[in-house]
Amino acid sequence: MNKKGFALIAAVMLLIFSPFIFSLFYLNLVTEILILAIFALSLNILVGYTGLVSLGHAAFFGVGAYMSAILAREISPNFFLTLFASLAAAIIASAIIGIFCVKVSGFYFLMLTLAFSQMIYSFVHQSTTITGGSNGLSGIPSPLIGSLDFSNPVYFYYLILLLFILIYGGLSLIVHSPFGQVLIGIRENETRLKSMGYHTTLYKLAAFVIAGGLGGVAGSLYTSFNSFISPSDVYWTMSGSVLIMVLIGGSGTMIGPVLGAAFIVILETIVSSYTTMWMMIIGIIFILFVVFFPKGIVGLGKLLLQSFSKSNKLSAISGKKSNALYNNDVKN
Amino acid sequence: MDIIGAQLVNSISYGLLLFVITCGLSLVFGILGVLNLAHGSLYMIGAYVSYSITVHSGQNFWLALIIAPLAVAVCSLIIEMILLRPTYQLGHLSQVLLTFGLAYVIHDMTAAIWGSDVLSIPLPQSLSGTVTLFNQAFPVYRLAVIAIGLILAGLLWFIQEKTRWGAIIRAGLSDKEMICALGVNIQLVFTVVFFIGGYLAGFGGVIAAPILGLYPSMEFQTLILALVVLVIGGLGSIAGTFVASLTIGIVETFCRFLVPELSLFVVFGLMAVVLIVKPNGLLGRQVVKH
């Protein structure tokens, strides 16, 4: 546990000091990773902890992103306004969609979330007056808090980092709380939980709304970061890629989605500087993970640690044995 | 009245095109229980291969119609043998994810081979004319698609209902363990069905290419429409797929005509309503147990 705490503090320190270490390009990369990590963390509440595989999470990302884009352009780029309005819009959208989706499970849940997210996509894509249609919305002003302008990438980075730490901490508390344990129970055996008297549908709806709301927050931050949003960020391939992040990182763990987001963003950046075929490489890596390491990077790391400590133990044991043998020999 | 008649012909043509594209997906899903998210990619390979064949054979569309689906079928055979067969024990969800990863891989492969420009396939000479129906000129090819769709539907129905292979497939749909116990090599059935599914995807690609064109990310758009048809029709039912294709064809064409901004919204809304009210689809049985 101490080791874990140490690693956590080291990671946070690294993140806090990264503006002094990295160049602007890499700092922006880290910012993007943190935003997408929030998105992946939110999906992980559904996929990893509640066991509901959603292929429509981009819907809430899109609701948040467009809400904040429209508000920033039309009313005010005040950060708290765009953030909380996006959060509220995403919560409302996910509550409405969630009521229908949590009634079904498995394959039907996958398809129903897909259908709803595609409804939102087709609205965004085809309604030119509000959302700019397929051109998207551009020239979105960077967020302001009072007179503090966050167009400076370092300020923006610290803002995102603060939110990321808050959300990560909040979600850790949630999944370790009794409420989170009920969600895990639903993943493991819903029938049993029902028979124990839990209103599982209500719990699933709550998980859906938490996931959707945080997805909206991620969308809002993403808009502020890029100052641009297009319908392709609401398309179902976006839902697919965030699902890939969660699964490659390790679903059902807190750190997994963060690692997954970092892995995909870094891979995309590195690969696309050599070749345009980054989708193929991500596809191949994803297939390898699904077949060989279904628990993702986290599972892989645990496996490596285990085999490492095992081989250490083995050598220690064999060392003792040889000593014992030696002693026996001496006695004889 | 003429306008409605013309729209009706259009919607039936579009609907049957959707049927040609979706029936392979439906068949594979019914038997293997694997939702093949690479189905759109197989469709795309079919379209691109037929493009290459027509370019290199002096615009011979018929040659492409024969060869391209077979090429796709061989691709899907390889996919089944290398990727799916060793992973049946992983469970259906993992296999769905596998096919999604595969869609990524195929996306870049086709982009590497055929580039990412928008391409189009010219119509064969004999089908490039127009016919006047309801005081409006229709491309003959649209009507040919109706004929092809009907023939394919009839053929699939005949194979499923009247032949021994069809009987095995139907039996496999309802009870896999039992049919194994009766001495049928279910592994072989899986392979053959995936082969046929690939063939149908490629066939759909060739048929749709002159109408829908070829462009990057076409597979994701096609796949999503195929999924809508699959869900509305009921999982793994050919008759359901047929009814759903026509329904979607009619709904989308008339929406495009009446409220163009909402056409896709209505289609996905229909999918959501069917999933909520009748999760097993219009004509489906419960195929997937969760």
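Cβ-Cβ contacts under 6 Å between residues 6 or more apart (or on different chains), taken from a first residue in region A:176-191 that is within 13 Å of residue A:204 (Cβ to Cβ) and without any contact (Cβ under 8 Å) to a residue 24 or more places away in the chain to a second residue that is surrounded by 16 or more Cβ atoms within 10 Å (Cβ to Cβ) and of a type outside the set (Ser, Thr, Tyr), are listed as A:185/A:193. Considering A:105, A:127, the condition of being free of Cβ contacts under 8 Å to residues at least 12 places away in the same chain, surrounded by fewer than 23 Cβ atoms within 10 Å (Cβ to Cβ) and out of contact with any strand residue (DSSP E or B) (no Cβ under 8 Å at 6 or more places or on another chain) is satisfied by A:127 alone.
In the list A:86, A:117, A:122, which residue meets the criterion of being away from every other protein chain (no Cβ under 14 Å) and surrounded by 18 or more Cβ atoms within 10 Å (Cβ to Cβ)?
Residue meeting the stated conditions: A:86.
Within region B:107-125, the set of residues being under 21 Å from the mean Cα position of the chain (by Cα) and more than 7 Å from chain A (Cβ to nearest Cβ) comprises B:110, B:119, B:120, B:121, B:123. Counted as qualifying within region A:112-207 are the helices (runs of 4 or more DSSP H) with 3 or more residues that are over 25 Å from the mean Cα position of the chain (by Cα), closer than 26 Å to residue A:224 by Cα and not aromatic (Phe, Trp, Tyr), namely A:128-131.
Which residues, counting only those in region B:258-285, are touching a residue at least 12 places away in the same chain (Cβ under 8 Å) and touching an Asp or Glu at 6+ places or on another chain (Cβ under 7 Å)?
Selection gives B:267 alone.
With the checklist (1) surrounded by 17 or more Cβ atoms within 10 Å (Cβ to Cβ); (2) away from every other protein chain (no Cβ under 11 Å); (3) more than 30 Å from residue A:51 (Cα to Cα); (4) at pLDDT 80 or above in hand, flag the one item residue B:80 doesn't pass. Unmet condition: (3).
Scoring residue B:86 on the criteria (1) exposed (fewer than 15 other Cβ atoms within 10 Å of the Cβ); (2) away from chain A (no Cβ under 14 Å); (3) assigned to a helix (DSSP H, G or I) leaves a single failure, condition (2). Among the residues of region B:91-106, those identified as more than 7 Å from chain A (Cβ to nearest Cβ) and surrounded by 15 or more Cβ atoms within 10 Å (Cβ to Cβ) are B:92, B:95, B:96, B:99, B:103, B:106.
Listed by position, the helices (runs of 4 or more DSSP H) contained in region A:212-294 that have at least 2 residues being in contact with a His (Cβ under 7 Å, 6 or more places away or on another chain) are A:236-249.
What number of residues within region A:94-141 are within 22 Å of residue A:200 (Cβ to Cβ) and β-branched (Val, Ile, Thr)? Give the steps one after another, and end with the answer.
Just the residues of region A:94-141 that are within 22 Å of residue A:200 (Cβ to Cβ), to begin with: A:94-113, A:116.
Still in the list and also β-branched (Val, Ile, Thr): A:96-97, A:99, A:102, A:104, A:113.
Number of matching residues: 6.
Among the conditions (1) out of contact with any His (no Cβ under 7 Å at 6 or more places or on another chain); (2) assigned to a helix (DSSP H, G or I), residue B:24 misses just one, which is (1).
Among the residues that make up region B:151-164, is at least one of them in contact (Cβ under 8 Å) with a residue 12 or more places away in the chain, in a helix (DSSP H, G or I), aliphatic (A, V, I, L, M) and under 18 Å from residue B:68 (Cβ atoms)? Walk me through it before giving the result.
Within region B:151-164, the subset in contact (Cβ under 8 Å) with a residue 12 or more places away in the chain is B:152-153, B:156-157, B:160.
Within this subset, residues satisfying the condition of being in a helix (DSSP H, G or I) are B:152-153, B:156-157, B:160.
From the residues that got through so far, the ones that are aliphatic (A, V, I, L, M) too are B:152-153, B:156.
With under 18 Å from residue B:68 (Cβ atoms) added as a condition, the list becomes B:152.
Yes, some residue in region B:151-164 is in contact (Cβ under 8 Å) with a residue 12 or more places away in the chain, in a helix (DSSP H, G or I), aliphatic (A, V, I, L, M) and under 18 Å from residue B:68 (Cβ atoms).
Every listed requirement among (1) surrounded by 22 or more Cβ atoms within 10 Å (Cβ to Cβ); (2) over 20 Å from residue B:108 (Cα atoms); (3) of a type in the set (Ser, Thr, Tyr) is met by residue A:239 save one, (2). Just wondering, is there one or more residues in region B:131-146 that are in contact with a strand residue (DSSP E or B) (Cβ under 7 Å, 6 or more places away or on another chain), among the hydroxyl-bearing types (Ser, Thr, Tyr), over 28 Å from residue B:227 (Cβ atoms) and free of Cβ contacts under 8 Å to residues at least 12 places away in the same chain? So far as region B:131-146 goes, no, none of its residues is in contact with a strand residue (DSSP E or B) (Cβ under 7 Å, 6 or more places away or on another chain), among the hydroxyl-bearing types (Ser, Thr, Tyr), over 28 Å from residue B:227 (Cβ atoms) and free of Cβ contacts under 8 Å to residues at least 12 places away in the same chain. Against the condition modelled with pLDDT of 85 or more, over 30 Å from residue B:132 (Cα atoms) and either of a type in the set (A, V, I, L, M) or under 16 Å from the mean Cα position of the chain (by Cα) (or both), how does residue B:68 come out, does it pass? Here the answer is yes, as residue B:68 does meet what is asked.
What do you reckon, is residue A:251 of a type in the set (Gly, Ala, Ser) and over 19 Å from the mean Cα position of the chain (by Cα)?
Numbers: of a type in the set (Gly, Ala, Ser): yes; over 19 Å from the mean Cα position of the chain (by Cα): no.
Against the criterion (of a type in the set (Gly, Ala, Ser) and over 19 Å from the mean Cα position of the chain (by Cα)), residue A:251 does not qualify.
If only residues of region B:240-252 that are within 14 Å of chain A (Cβ to nearest Cβ) and either farther than 20 Å from residue B:33 by Cβ or polar (S, T, N, Q) (or both) are counted, the one that is nearest to the chain's Cα centre (by Cα) is B:248. For region A:89-111, a tally of residues being out of contact with any Lys or Arg (no Cβ under 6 Å at 6 or more places or on another chain), more than 7 Å from chain B (Cβ to nearest Cβ) and not in a helix (DSSP H, G or I) returns 1. In region A:286-303, the qualifying residues are those that are facing chain B (nearest Cβ under 8 Å) and of a type in the set (Val, Ile, Thr), and the one that is surrounded by the fewest Cβ atoms within 10 Å (Cβ to Cβ) is A:291.
Looking only at region B:108-142, which residues are part of a helix (DSSP H, G or I) and modelled with pLDDT of 80 or more?
Initially, region B:108-142 is screened for residues part of a helix (DSSP H, G or I), giving B:108-114, B:125-127, B:140-142.
The answer is B:108, B:109, B:110, B:111, B:112, B:113, B:114, B:140, B:141, B:142.
Does at least one position in region A:63-76 carry a residue that is within 23 Å of residue B:272 (Cα to Cα) and within 14 Å of another protein chain (Cβ to nearest Cβ)? No, there is no match, as no residue in region A:63-76 is within 23 Å of residue B:272 (Cα to Cα) and within 14 Å of another protein chain (Cβ to nearest Cβ). Regarding region B:258-280, can at least one residue be identified that is part of a helix (DSSP H, G or I), under 18 Å from the mean Cα position of the chain (by Cα) and more than 14 Å from every other protein chain (Cβ to nearest Cβ)? Scanning region B:258-280 turns up no residue that is part of a helix (DSSP H, G or I), under 18 Å from the mean Cα position of the chain (by Cα) and more than 14 Å from every other protein chain (Cβ to nearest Cβ).
Matching residues to (1) facing chain B (nearest Cβ under 9 Å); (2) farther than 14 Å from residue A:46 by Cβ; (3) at pLDDT 90 or above:
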{"residue": "A:246", "(1), (2), (3)": "no, no, yes"}
{"residue": "A:260", "(1), (2), (3)": "no, yes, yes"}
{"residue": "A:263", "(1), (2), (3)": "no, yes, yes"}
{"residue": "A:266", "(1), (2), (3)": "no, yes, yes"}
{"residue": "A:269", "(1), (2), (3)": "no, yes, no"}
{"residue": "A:276", "(1), (2), (3)": "yes, yes, no"}
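Scanning region B:199-239 for residues that are part of a helix (DSSP H, G or I) and either more than 11 Å from every other protein chain (Cβ to nearest Cβ) or touching a strand residue (DSSP E or B) at 6+ places or on another chain (Cβ under 9 Å) (or both) yields a count of 21.
The values are calculated or read from the model by the stated rules, or taken from the named source; none is laboratory data. Here the structure is a predicted model, which means the values were calculated and not measured. Counting neighbours? That spans all protein chains shown, and the Cβs are built from the backbone with ideal geometry, glycine included.
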